[in-house]
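The values are calculated or read from the model by the stated rules, or taken from the named source; none is laboratory data. Being a predicted model, the structure only gives us computed values, none of them experimental. Reconstructed Cβ throughout: ideal geometry from the backbone, glycine too, with neighbour counts over all protein chains shown.
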Amino acid sequence: MELVFLFGNNIENGYRKSLFPFFLLGLLTLHLSVPGKAVSQPQPAGSENISLGELDSLSLEELVNIKVTSVSKKKEDLWGASSAIYVITQEDIRRSGATNIPESLRIVPGLHVAHLDSNTWAVTSRGFNSRFANKLLVLIDGRTIYSSVFSGVFWDAHDTVLEDIDRIEVIRGPGATIWGANAVNGVINIITKKAQDTEGLLVSSGAGTEERGFGTFRYGGKIRKKGNFRVFGKYYNRDEFVGFEGERAADESEAARGGFRMDLDLSEKDTLTAQGNIYSGESGNRIKDNLLLPNPPFATSFDDETLVTGGHFLTKWERTLSNDSNLSLQLYFDRESRDFQGNGLEFTLDTYDAEFQHRFHWGKRQEITWGLNHRYIVDSFENSGNIIFTPDDRLNYNTAFFVQDAIQIIPEKLRLTLGSKFSANNYTGFEYQPSAKLAWTPNTKHTLWGSVSRAVRTPSRVTDSVKVNNRTVNIAGFNTVIQNTGSLDYDSEDLLAFESGYRIKVTEKLSFDIASFFNIYNEILTAEQESFGFDRVGRTLVPVVPLSFDNKGSGESYGIEWMAQWQPFEWWRLTGGFTWFQLDLNKDATSLDTTFEDDEDKDPEFQYNFRSYLSLPHNFEFDTIVYFVDSLESMDVSHYVRLDLRIGWKPIPELELSLVGQNLQDSKHLEFGNERFQFQARTQVERSIYGKVTWRY
C-alpha cells in the first residue's frame, strides 16, 4: 500500500524531510497490520436512536447520519442540516491526545486555534481571532461561557472531564437566530454525556514534559429506579512555555475542579437534569511594558499571576407532550472571579439565566420552535491604577424572544427554515437577528443548502466603560500616557452573512462536505484619537492622549471550508480538512485609527489537517494528526507544521495505556503575536510528550 500526503508549495523542503520518518513509521505500522485481523466492535443498527456516548464505535456511514441539536435547537440529521456544522465525537477527543477543550478544536475546518501561552488560547471561526475572540459564542450544555467583561472566553476557567463530553457541535457562521447576540461567526456547543452513560468508576492519570501531572476521577451510579448520577474531580499542572527570545515565560498553571450531574425520570413524560461544579486555579503569564513608570523607560514588564475561581449550578426540566411536541425550562447560576495580582485588577461576575422553549407541529408540513430567555449579569470590579471600570459595579441584562418555522416544501427533500431573534439589552436597546435557510436533499447521498443571516455583537464592559493607561511615550518633551477608553455611544457590530454548502456520500466509505461564505461587516470596533488632555495616574496628574472606542470600521470576508472522510477498511479511518480564508477591512474616512487594517493579517489564509486512525491487532491503536497553519504577517508569525502522534493499547477491556507526542515537528514555535490593546508577552509552544493510564470499572 502507498500513502501519499501533499503539502502546499509554501512549505520548505526541510519540513518535508523531517516529516518523512514519521510517515515511514505509519506505513510500517499499516504494513504490519494487514496480515493480522483487527478487533472489530459491534456496530449499532442505525443512527436514529444511537446513544451519543457510543460515537466511538460508529462506522463512517453512521457518523454522517448522527443527530445534532445546535442548528435549530431540536434533533435533526447532521447530513441534512442547513448550516456549516462539524461534530467532534468522543472518539476524536480520545484519539487526538488533547488534554483540554481548545486543543480538541484544532481538527475543525474553518476554526483557527492558536496557543498563546501555557494557559491561554485564541480560538475563533472565520476571522477576527484574538485572545478574546468576540464573535464566537461558546456554550456548555446550553450555558454560555462567553464573558461579558472582555467579549470572549477565558478557556482556563472552563475545563471539564474530557471523557464526560458526548460531542462538540461546531457551527461555522451565524447562529444568532437561535442562540442570540454574539453568535456572529460561529457557535461551539459542548454537550456532556447523560449520567446513565457514565455508570461505574473511571480513574485517569498522566504526566509528561509539559503536562507535568494530571488526573481525573469519576463515579456514576443509579438513583433507585428514578435515574442516574455521577460525581467527578479533575486536576492538572502545566509547565511554562519558552519566551520569544528563549527566556522562561512564567506562564505555568494549575487548577482543580469537581462537580456532579443527575438525570431523573419524574414520570413517563417528564425528566429533570441537575448539574454543577466548582473550580479554583492559578494561571501565570508575563505582561510586557504595561507597568507605567514616571521616568524612562516609562514602562516595564512583570510576571503576573491570576487567581481563578468560580462555579455554576444548572437545572433543566423537559416534558414530552407528544411524538412531535415538547417543552423545556432551563435555569442556571454562574459565578466567575479573577484576581490579576500583578496589576491589581479583580472582578466577579454573577450570571442568572432562565430560558423557556416550546416545539410543536402546525399542520403536516410546518414545525415551529419558539422560546423566551432572560439573563441578568451582576459585575463588581476592584480597579487597579492602570485599569479602571466606571462604574465599578453594574447590573446588565438581556431579554430575548425567538421563533423559527421549519417548512417542508417537498417532504423529506426540500425544507425552508425562517426565523428571527428579537432582544433588548442595556447597552444598545432593541436588536433583531433574522435568518432564512434552504436545504435540498434529493436522496440519501446529496445535500445542497444555502442561507442568509444577520447577527450582531453587542458591547461589553470594556468597550462601554473601561479606561486603560497602557503605555507612556515622549511627545514634544512631555511624558505622555496613551489611554484607551470605552464609550457609552459604542454600538453593536453587525454582520450580514451569505452561506452555501454541499455534502455528498460518494460511497458508504467516502464522503465530502464543502461550505463557502461571504460576510459583510459594519460598525466594527476602531480606536479613535481624542483631544490631548490631563488625567491622574495614581496620584500624579499627567498629560494623556485618549484613544476612544468607536464603530468606524467595516469589512468583507469570504472563503471555502472543505472536509473529507474515507474509511477504506473497518480498522482504518482517514479524515482531511482544508480552509481558505480572506478578510478585507476598511475604515471610515473620518477614522484616525492607524492600526485597524492590520487586523486583516491576524488569521491564516490557508489551513489544513490530516488525520489517520488505525485500529491494530491485539487492541493497539496508532493515530497521526498533521496540521498546517499559514503565516500571520501583521504579527510576524511564520507558518508552521504541527505533528501529533498517539499510541494506545488496551491489554484488558478495563485498562487503557497511551503515549502521546504533540508538536513533534520542531522543538518550539510561535502561534500568535502581539495584539492591539493586549500586553501579554509572546511565548513559543514547545514539543510535548506525555503518558496516560485510564482505568474503567
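The table for this structure:
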read-out: Residue satisfying condition, being of a type in the set (Phe, Trp, Tyr) and closer than 30 Å to residue 481 by Cα, within set 356, 402, 347, 360; value: 347
read-out: Residue satisfying all of: in the stretch 539-572; hydroxyl-bearing (Ser, Thr, Tyr) and more than 17 Å from residue 496 (Cα to Cα); surrounded by the fewest Cβ atoms within 10 Å (Cβ to Cβ) among these; value: 540
read-out: From the options 640, 613, residue that is closer than 18 Å to residue 106 by Cα, in contact (Cβ under 8 Å) with a residue 24 or more places away in the chain and touching a His at 6+ places or on another chain (Cβ under 6 Å); value: 640
read-out: Exclusive hit being of a type in the set (A, V, I, L, M), assigned to a loop (DSSP other than H, G, I, E, B) and farther than 26 Å from residue 565 by Cα, set 122, 133, 81; value: 133
read-out: Whichever residue in the stretch 276-300 is exposed (fewer than 15 other Cβ atoms within 10 Å of the Cβ) and more than 30 Å from residue 229 (Cα to Cα) and, among such residues, is modelled with the lowest pLDDT; value: 294
read-out: Some residue of the stretch 409-431 being under 26 Å from the mean Cα position of the chain (by Cα), within 20 Å of residue 501 (Cα to Cα) and of a type in the set (A, V, I, L, M); value: no
read-out: Tally of residues being part of a strand (DSSP E or B) and not basic (Lys, Arg) across the stretch 145-172; value: 8
read-out: Elements of type strands (runs of 3 or more DSSP E) contained in the stretch 332-426, each with 2 or more residues being on the phi < 0 side of the Ramachandran plot and free of Cβ contacts under 8 Å to residues at least 40 places away in the same chain; value: 345-362, 366-382, 393-410, 414-425
read-out: Complete set of residues in the stretch 162-190 that are of a type in the set (Val, Ile, Thr) and modelled with pLDDT of 95 or more; value: 165, 168, 170, 171, 184, 187, 188, 190
read-out: Long-range neighbours under 7 Å by Cβ, at least six apart or interchain, first residue under 30 Å from residue 484 (Cα atoms) within the stretch 678-697, second surrounded by fewer than 20 Cβ atoms within 10 Å (Cβ to Cβ) and of a type in the set (Ser, Thr, Tyr); value: 681/301
read-out: Only listed residue being buried (at least 21 other Cβ atoms within 10 Å of the Cβ) and either in a strand (DSSP E or B) or touching a helix residue (DSSP H, G or I) at 6+ places or on another chain (Cβ under 6 Å) (or both), chosen from 625, 647; value: 625
read-out: Lone unmet requirement of (1) more than 25 Å from residue 657 (Cα to Cα); (2) surrounded by fewer than 17 Cβ atoms within 10 Å (Cβ to Cβ); (3) touching a residue at least 24 places away in the same chain (Cβ under 8 Å) for residue 212; value: (1)
